[in-house]
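Read-outs throughout are calculated quantities, based only on the coordinates presented, and are distinct from any laboratory measurement. Just so we're clear, the structure is a prediction, and the values are computed from it rather than from any experiment. Please note: Cβ atoms are built from the backbone with ideal geometry, for glycine as well, and neighbour counts cover all protein chains shown.
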Amino acid sequence: MTVIGVFALQGNVREHLAMLTDVGVEARPVRRPSELEQVDALVLPGGESTTMDKLARAFELFEPLQKRIADGMPVFGTCAGMIMLANEITGGIEGQETLGGLDVTVRRNAFGRQVDSFEADLDFPGLGPGFGTPYHAVFIRAPWVERVGRDVEVLSTVSSGPATGRIVAVRHDRLLATSFHPEMTGDARLHGYFAELVRGL
Ligand code: GLN
């Protein structure tokens, strides 16, 4: 059975484990390098990227994670997890580092203070028949993607309001990232899409 881990030192861990179980994979929390070795793929949840960065170092997961990403492990980064996957960030705190791997520039807390959190219906035109209806997305102090590298596919953008056109979901090969929290609404389509990507390898 396909085993997908959830980085479990900080963030919305339980919700992701439940969604992964719903889409038929074995889901396991990952807190130490030996647990990372046993998963086929990983979810980096939402939470706080500066804390994740520090904890990943303290628990000696930072380098093993970078190595597995470089070796082609599929990763789904959501919100703070998207920040952790980005090669470049703006609006980070001093000394903040990311794992990298995804050729994008991500702006932290991009939607601004006045809209700490909001919800929006998003289209995923490239993701096939299962995505024929909009995906209801919850954004919490969310980042957006300001630059995408040549091989990065834009999966979704905001389609109304002041942030219209902002990129909020991307994929590059085995790396998938969303600005929003797909674990919070009970819509398992993106977890299903990620599980299919992992199963297809
Ligand atoms: N603003 C947070 C950060 O920088 C991300 C928020 C979230 O994951 N909901 O990590």
Roughly speaking, what is the centre-to-centre gap between segment 137-184 and segment 32-99 when only Cα atoms are used, to the nearest Å? 17
The chain: relative contact order as a whole-number percent, Cα under 8 Å and 6+ apart: 20
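What does the charge count around GLN10 come to, taking other residues whose C-beta lies under 12 Å from its C-beta (Lys +1, Arg +1, Asp -1, Glu -1)?
On the way: positive: ARG31, LYS54; negative: GLU48, ASP53.
Around GLN10, the charge tally is 0.
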Summed over the other residues with a beta carbon less than 14 angstrom from that of ASP22, with K and R at +1 and D and E at -1, the charge totals -3
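Where does the charge balance sit around LEU201 when Lys and Arg score +1, Asp and Glu -1, over other residues with C-beta under 9 Å from its C-beta?
Working: positive: ARG174, ARG199; negative: ASP40.
Once all neighbours under 9 Å are counted, the net charge is +1.
Can you give the calculated 222 nm mean residue ellipticity of the chain, where each DSSP H run of n ≥ 4 adds -39,500 (n - 2.57) and the sum is split over every residue, rounded to the nearest 500 deg cm²/dmol? Walk me through the numbers on the way to the answer.
Working: 6 runs with 50 residues, N = 201.
Per the formula, -7000 deg cm²/dmol.
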Restrict the search to segment 88-150; then list the trypsin sites (Lys or Arg not before Pro) that DSSP places in a loop and that have at most 15 other Cβ atoms within 10 Å of their Cβ. ARG150
With each pseudo-label sitting 7 Å past Cα toward Cβ, what's the ALA18-GLU48 distance in nm, one decimal? 2.3
Model label zone, LEU201; criterion: amide N under 20 Å from point 7 Å along Cα-to-beta-carbon; scope segment 73-92: 73-79, 81-87
So in segment 3-199, what percent of DSSP beta bridges are antiparallel if you round to the nearest 5? 50
